[in-house]
Each structure stands twice: as C-alpha cells, then as structure tokens.
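The values are calculated or read from the model by the stated rules, or taken from the named source; none is laboratory data. All figures in this text were calculated on a predicted structure; none of them were measured in a lab. Note: ideal-geometry Cβ built from the backbone for every residue, glycine included; neighbour counts use all protein chains shown. Calculation scope for accessible area: heavy atoms of the full protein, side chains included, ligands and nucleic acids excluded. Shrake-Rupley method; radii C 1.70, N 1.55, O 1.52, S 1.80 Å.
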Amino acid sequence: MQKKISALKELSRNLWWSWDTEAKEIFEDLSPLLWQRNNHNPVGLLQHISDAELVARCQCEYGEKIDSVYDRFTAYLNNKGTWAAKNAPELVKNPVAYFSAEFGIHESVRIYSGGLGVLAGDHLKSASDLGINFIGITLFYKEGYFRQYLNHDGWQMEDYPLQHSESLPIEKVTGADGKDLIISVNIAQSEVFAQAWRLRVGRATLYLLDTNIPANEAHYRDICCRVYGGDQNMRINQEILLGIGGVKLLDKLGVKPAVYHMNEGHSAFLTLELLAMELAKGTQQNEAAEKVRSRCVFTTHTPVPAGHDRFTREMMHYTFDKYLSTSGMNFDDLMRFGSDDTNNIYGLFTMTVLALNLSRSANGVSKLHGEVSRAMWQHLYPEKTVDEVPIGHITNGIHATSWTCGYTDSFWRKYTNNIDDMSLSREAAEAVLAKVTDAELWSLRYSSKRSFIDFIDRYLANQLFHQHINSYYNDYETLRSTKNTFSPDVLTIGFARRFATYKRAPLIFRDLDRLDRIINHATRPLQIVFAGKAHPHDDAGKDYIRQIVQHSRRPQFSGKVIFLENYNLGIAKRMVSGVDIWLNTPVRPMEASGTSGEKTVLHGGLNFSVLDGWWPEAYNGENGFSIGNGECFDHHDEQDSFDAEKMYTTLETMIIPSFYERNDLDIPVKWIKKIRNAIATIAPEYNTHRMVKEYATKYYLNRK
Ligand SMILES: *Cc1c(COP(=O)(O)O)cnc(C)c1O
C-alpha cells in the first residue's frame, strides 16, 4: 500500500501528469472539490488528505488505477526508442539549455504571463516526449503574474497571491555537499545570491532561480517577485539573473549544454557570461565571441521595433560596473555587442541585437514574421539584401496532448491509441478521421460546448458574486438572472488572449446595430465569450476590457456576450474546447505567430482570423475563415473599418449560414466538412512535436 502512496506522490511531483488524462483523474477523483480549490495542483491537494484516507482508497480499484498510471509513467521515462535516440543522439548525450523569462506549463504553476510562456512550456513538453535531453531555465516568481478580477465598472483589478514553494511540485537543488546550491551575479555594486529550484516536466527539467533568500538585501529579493513586474531597473536585474545566473547555475551543476537557446531577447545576457568564461581562459576577444556564437541560437518574437527590450547607456553603466571589473571586457566592448546603430555605440543597448550578434542562428516564429524580422534588422547587415539577412523561421505550434483535454481526449482515444499520431502527417490524421462519422463529430461539438457552458454558469456565478461584493451597486441580481442564457445550440465565438491593443479585442463592436442584428437573429443567433488580461501598466488594454464588459451589459447583448475573468491556462483549455469559432483580429503583421487558434482544432473548432502570424501559412480557404486578404492600411481607423466590415460580411454570408444549414438528421454537413479539413491540414503541422523536431534538425544539431 505504501508503494502505491509513494507512487501517487511521485506522480504529483512531475508535471507529466498534466498531459495525461488518466493521471489527472487519479488526483481529481480523490476530491473534486479540493482539486478545484487547489487550482488543479496535486501537491496542494495531497496536503489536505491524510495517509489513512489514502490507504483506505488504495485498497480497491483506485489503487489499481495508480499502478497502471505509474507503469505508464515509468515506461515513458525509460523509453529508449524515442525520436531523439534515433534522429538526434547528440541531443540525448548533451542537453539543450532553453532560457525563457516565463514558462506556461500548467495553471497551478504561475510563472507565465501569456503566449511566450505557453510556447516555452509546450516546447519543453514536446522535447520531453521526443526524448531530447532538455533543460529549461527561468526565475521563480513568488507572486507570479497577477490574478485578474473586474470591478463593478469593468475595470481590471490585479491581485498577487503568493505561491508557496512547499505546495508546488518543486524541490531545492542541492550541491554535492548536500547544502542548498547558491549562485551569485553582480548587479551594480552588489553581489546578488540566488538559490535554485527544480521542477520535473516528464523527462525534462526546469530550473528556477530565486533571489528571495536572506542573503540578499530586500530590493534584490524582489527580483523574483513578479513576471514582467516593476520598472526598467527591475527588468534589467531580472534579465541579468536569468541570463548570467542561468549560465552560472549550469556551470555549477556541471552541465555541458550542446546548445543554448534564447527564447526571446530577455535571456541574451547569457552570451556575456559565456564570453566572460572564454576570456577567463585567455582566449582573444574575437575568437571568444566566435566560440560563444557557435554555441547559441536565438528565437525572436517581436515584430515591432518598439517592442524590443532596450536599456540606456547610463543604466548599462550603472548595472554592469562591478560585472565588468571581473569579466575581461570593457564598457565599450559591452555596448558594441548590443548597439542597434552600426556607427554609434553611444545609443541604447538592445537585447535582440546582442542575441543576433552572439548566436549562430536566429529565427522568427512564422513565415511572415521571418520576413518582417529580416526587414526590421537589415540595417545590422548592410552588406546583405533583405532576403539574405540571416534570420529564418520556424512556425510555432502547440503540445497537442496538453490541449486535448476532457471530452475531446476520450473522443479521439476511441479512434486512435495515440493522439500524437494525428500530429505526424496529413495521411495519419486522415486515417483517423476516416473512422469518424459526421454524427460523431457533431456529438463531440455538442458535448464539448455543453461542458463549457456548464462551466461558464458556475464560473460566472462566482465572478458576479465577487464583482458584487467589490462594488456598492446592487446589480448582482440583474446580472445573475442573465448569466445562464448561453445555449449549446447557438453558434459560439471565443476570443481570448493578452489584451495588447494591437489584438483589437473590441473590433467586433465597431458597428453595434449590425452586431445586434447578428447576435439576436431570430433563427440563427450568435453568442461570444471573451477573456484576457491586460498588462498592469497598459491602461489602453484595460480600457478595451472595460469597453467589452460595458457592451456586454447593454440590454441587446446581455447574456449573449460575456467576459470571463482571470484568463489562464485552465480557462484557455475550457475555451478552446467549447467554442465553434476562434476569433483573432490582430493588426497585421503584429502577431508574430499566435498559437491559441491552433489549440481549438482537435476539438472541432474553426479559426476566423486576420491573415497574420501562423494563419496565412495554414489557411487554405476550406479549413476555417479569414478576415480580409492581408490588406494593410496606413491609418488605424481605416484598417479597423476595413477589417470590421470584412468580419461582419464573412459572418453574415459564410460562417452563420453554413453553421445553421442542416441535413435531415440536423447535422451541418458543410460545417463538418470544414472541421475535417481543419483537423487534417492543421493538426499535423501546427504542433510542437513538428516544431521541436525542426529546431533540433535545423538549429540545435548544427551538422554542417
Ligand atoms: C495559448 C495562450 C496564449 C497565446 O495566445 P495567442 O492568441 O497566441 O496570443 C496566451 N495565454 C494563454 C493562457 C494561452 O493558453
């Protein structure tokens, strides 16, 4: 019995469970209520359950279920026949060290803010599945990213609940002497110390650096407080800890990475530490830089010049003063690596430029974003044409088994033993689809939507209750009475992502009368669910949230347009499975890739998006819907009018008619044909197994 209990505890401490439905169930089954209260965190859950209860439960079937999950888990960890073993043995021997300021692995580990982190988490999971020896490096943010709630006005409020290490699946890293492993970095005139935590994600390991220890002065402890919190000064401190501290940690652990991968420029200071290590061996600077370059790869995610991290010369001078005294380079050397102006080293220090200068390869995250990046950075390569600028692309994907939860997971398991088969090729996906009837696909849509609508009902009751106690207005009763008018018979649109203004969340409200006619059509109505957080400093983004909340309270939209608070990985999973249409309205070409639309496909959801990010590559005219044809206007207003017009027209003339057109059995045959096309063409391409294999063969292996 003790064996089963320790197996259960071991399972709770490896996030592998988060993409294994049966593993998830053994925790949820213990207590659905505690599961929910602990934000789906098995470590937290188990703290509330006595050994006596566990012993009793393990006597019967429940114990057998643990055995079966645990056997699968150990077989997974010990599998020697992985993709990497066959195709990239070099990456089994030495690890890939992947640095990212955030990792979105599961909603219970709040060390992510949005898409960049979710991508990093999905990359980590696929690397584990494929058998690549993979180490992630990030920071342990004590408060994580904020929890969002709305006040009575619809204005975003933030609070920052602490996350306690003892109720997370992390453990302290210790050295050979059994003591906590501590590294330090020089910031300004101080030595700042950090301890390291280890989080297991399948076969992969994520290390989290943590300055929140007594050895540090209070203001340095706060480096590990919030994801993207604070000012520029906090930002540079976090980036020093991530890049320089991360390299020092790996060195102290004796890890010899095959390659260092910078996921966005935040971690680019890692190149400086590698350089300092070379210089300390007596290598000349040019040669040292060449050596660093040969070991690093860089992925950029930012399609607008203003979005890149930049630090002033004064800030660099102040922050790197002590560091430079021991690193073997002087201030001008340092500034030159990050100078965005080939003639003038006195300008700003740009993290992306540092990363481009000191890595052997660089890539954008979709075909279009690759093109945009080459044009944006051409001035760094004056001798090259735009096409020759050495920035390629690998289009982002999603970790399919993490995103096929609930009904969808059990649905596909009736037709295939391994859902990942559908990620392999179009033929493989079509072979699975051939076994599924239209009626079955339609029942999947209904089951998923019903489950989502039931969830909305419970969630909104709670949300409205809190809005009520946070306000002096007595509108709770009126709001409550409208909350459960969502219906699974109605075409449902979902929109959820960070509320960066370029994503234009309120675009669909541009013509209220037209939207009213669409939403309240007597026989072919529409309902819309929104969610998303604005960065705490982004008042324009917060205003977008408020606009949507206020629109949702207009009588004509009440109960038909809703906003769900506190978008996170858990809400995302619910939404992508529950909606018929996933809407995306970025200003082209500002969406580097976007991934959320990729998550909806295996649930039978269809994308409806501006041709930006990954969508121009994937869209074939039959596997979803586009907003316009990639037309770009100089003026925002013109662009918004044009795109809104296209959006309404496409809804009225294509989307709504084909959803509501039914055969004798009440099945929307044309709609289902599109779902089949989407699954066959999108699932096999836009997943992180394909993406990580591409990183491995194109960039990590560096076979000449
Ligand atoms: C997938 C995901 C994102 C990224 O969404 P995009 O539409 O690609 O910007 C952001 N946040 C969460 C919680 C996600 O799951």
Query raised in the report: Taking amide H positions as placed 1.01 Å from N in the peptide plane, with prolines and chain starts having none, which residues 5 or more places from Ser361, or on another chain, fall under 5 Å of its amide H?
Result: Phe298
Query raised in the report: Got a sec? What order do Arg57, Arg497, Arg703 fall in by accessible area at 1.4 Å, biggest, i.e. largest, first?
Result: Arg703, Arg57, Arg497
Query raised in the report: Picking from Leu30, His48, Ala75, whose Cα lies most toward the positive end of the charge dipole for segment 2-78 (charges on Cβ: Lys, Arg +1; Asp, Glu -1)?
Result: His48
Requested in this report: Find how many whole Å separate the alpha carbon centroid of segment 389-454 from the alpha carbon centroid of segment 216-254.
Outcome: 39
Report task. Report the charge-dipole magnitude of the chain in Debye, nearest 20, computed about the Cα centre from +1 at each Lys and Arg Cβ and -1 at each Asp and Glu Cβ. Result -> 1320
Report summary line: Quick calc, segment 346-474, dipole around Cα centre from Cβ unit charges on Lys, Arg (+) and Asp, Glu (-), nearest 20 debye, gives 240
Report task. Give the angle, between 0 and 90 degrees and rounded to the nearest 10, that separates the Cα long axis of helix 270-280 from the longest principal axis of the Cα atoms of the chain. Result -> 20
Query raised in the report: If you count, for each residue, the other Cβ atoms within 10 Å and average over each peptide, how do 391-400, 660-669 line up from highest to lowest?
Result: 391-400, 660-669
Report summary line: Computed, not fitted: 222 nm per-residue ellipticity of the chain from DSSP H runs ≥ 4 (each -39500 (n - 2.57)), nearest 500, equal to -12500 deg cm²/dmol
Report task. Kindly provide log₁₀ I(q)/I(0) values, in the same order as q = 0.25 Å⁻¹, from the Debye equation applied to equal alpha-carbon scatterers of segment 2-78. Result -> -1.30
Report task. Over segment 2-78, with every protein chain in place, what whole percent of the accessible area is carbon and sulfur at 1.4 Å, could you tell me? Result -> 50
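Ignoring ligands, DNA and RNA, what percent of the accessible area of segment 536-660 is carbon or sulfur (1.4 Å)?
C and S fraction of accessible area: 46 percent.
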Requested in this report: Using a 1.4 Å probe and ignoring any ligands, DNA or RNA, find the accessible area of Arg524 and quote it in Å² to the nearest 10.
Outcome: 80
Report task. Relative to the longest principal axis of the C-alpha atoms of the chain, give the angle of the C-alpha long axis of helix 61-78, reported between 0 and 90° and rounded to the nearest 10°. Result -> 40
Query - Per-residue SASA entry for Trp155, accessible area with 1.4 Å probe, Å² rounded to 10 - result: 60
Requested in this report: Over 23 Å between C-alpha atoms is what I'm after, so list which of Lys65/Lys172; Lys142/Lys533; Lys9/Lys693; Lys125/Lys435; Lys24/Lys93; Lys4/Lys179 land there.
Outcome: Lys65/Lys172; Lys9/Lys693; Lys125/Lys435; Lys24/Lys93; Lys4/Lys179
Query raised in the report: What does the accessible area of Cys632 come to, in Å² to the nearest 10, when a probe of 1.4 Å is used?
Result: 80
**Report entry** Isotropic mean projected area of the C-alpha convex hull, segment 560-605 (nm²)
**Finding:** 4.0
Query raised in the report: Measuring with a 1.4 Å probe in the full set of protein chains, what accessible area per residue, in whole Å², belongs to the chain?
Result: 39
Query raised in the report: What order do you get for 298-309, 274-285 when each peptide is scored by the mean count of other beta carbon atoms within 10 Å, highest first?
Result: 298-309, 274-285
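What is the mean projected area of the alpha carbon convex hull for the chain, to one decimal in square nanometres?
31.8
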Query raised in the report: Of the listed peptides 22-32, 68-78, 586-596, what is their order by residue-averaged count of other C-beta atoms within 10 Å, with the highest listed first?
Result: 586-596, 22-32, 68-78
